[in-house]
Amino acid sequence: MGKLSGSKNVCSSKSRVKFDTRTVRTWVLPLLMRIGVGDYPTKAGRIIGLSRQHTWYYVRKLEECRLVRREKRSNVVFYELTEESKNLLTLCEGTIFPARLYRFDKCQVAYEIIAEGLVPENFRKVEMTNWTALLGTELGVRVRKTTRSWIVHVEVIRGRNPIEVTNLAMNLANRVRDALVSKYGCVLGDGRVVAGEMAVEDPVASLFGRYFTVRTDKRKIDHSWSVGELEHLQRDAVIEYLQMPERVRNIELQVGALRGELSKLTMALSKTENLKNVDASTESKSQIDRDYVS
């Protein structure tokens, strides 16, 4: 396995499959990560912004590298990572890219209908509360049409921070919007997020979530989506969480300064104790001398 920082070969020389370093960072590693969490290649490529053609090109090359394994179960084809690719992602975590702890669940992006277009014939009518909607898929993504807007139900998105996952969700939703406009001739406004849950995956939440749920007014830990997660229920809780690294750093600096002051105090006390011992010894010697003279 060649090193990503030096060599541009991400697999053995025998396979003769080479990727540009920028391609590895931008497309190959994110594609591996999406396949690793269970996404089918087409869905994985759609989420990270790859065309269908480029997605399957990289998947075939990754199979040649023995980084992706193709299996057929009950006439259904599955793709999964090999041990080598799992080790590769583990080595890259925190070096090539920071840990992807944030997850955006149940995200819905609404686009106001400015001008109606053709009515989709292959959508099914769904009875909602006191109203109806048309439900279907576009580019493999679930969409819903109401009398006022088109709503895109974005798949689960993972990323390194809230801004990244939000941008990935909006990019996917915007591509679906463009496909709807081109296909049905409608005019849609800008998208806005109308629903969604931002979760933080971490080892503590995974451990706690296996056995019980912890919930406060600000946060909760549970095991939904088969992954332990930490959810922030209030805006100030999100701010506190984001400020945590800086607070920990300040505490470490304060503890370091306190240790320095304690060291100085210990040295001063030691000197004082030594002076007392010297004074006591001198006084004892003087008393002995007086007794000898008398």
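Every number here is computed from the coordinates shown, using simple stated rules; none is lab data. Bear in mind the structure is a predicted one, so any value in this text is a computation, not a measurement. A quick note on method: Cβ atoms are made from the backbone with ideal geometry, for glycine too, and the neighbour counts reach across all protein chains shown.
Work out how much length ASN167 to LYS72 would gain on full extension: take 0.36 nm times their residue separation and subtract the Cα-Cα distance, in nm to one decimal.
30.8 nm
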Pseudo-spin-label distance ILE114 to LEU262, built 7 Å along Cα→Cβ, given in nm, is 6.5 nm
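Calculate, for ASN250 and LYS218, the FRET efficiency according to 1/(1 + (r/R0)^6) with r their C-beta to C-beta distance and R0 22 Å; round to the nearest 0.05.
Numbers: r = 21 Å, r/R0 = 0.97.
E between ASN250 and LYS218, to the nearest 0.05, is 0.55.
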Summing +1 per Lys or Arg and -1 per Asp or Glu among the other residues with Cβ less than 11 Å from ALA133's Cβ gives +4
Per residue, how much space in cubic angstrom lies within the convex hull of the C-alpha atoms of segment 21-92? 87 Å³
Which semi-axis lengths, in whole Å and largest first, follow from the square roots of five times the eigenvalues of the Cα gyration tensor of segment 98-200? 26, 14, 11
Using a basic spin-label model with each label point 7 Å from the Cα along Cα→Cβ, how many nm lie between SER51 and LYS271? 7.7 nm
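What is the extension gain from THR132 to GLU63, computed as 0.36 nm multiplied by their sequence separation minus the C-alpha to C-alpha distance, in nm to one decimal? Provide the component values of the computation, followed by the final result.
Details: separation 69, 0.36 × 69 = 24.84 nm, distance 4.53 nm.
My answer for the length gained is 20.3 nm.
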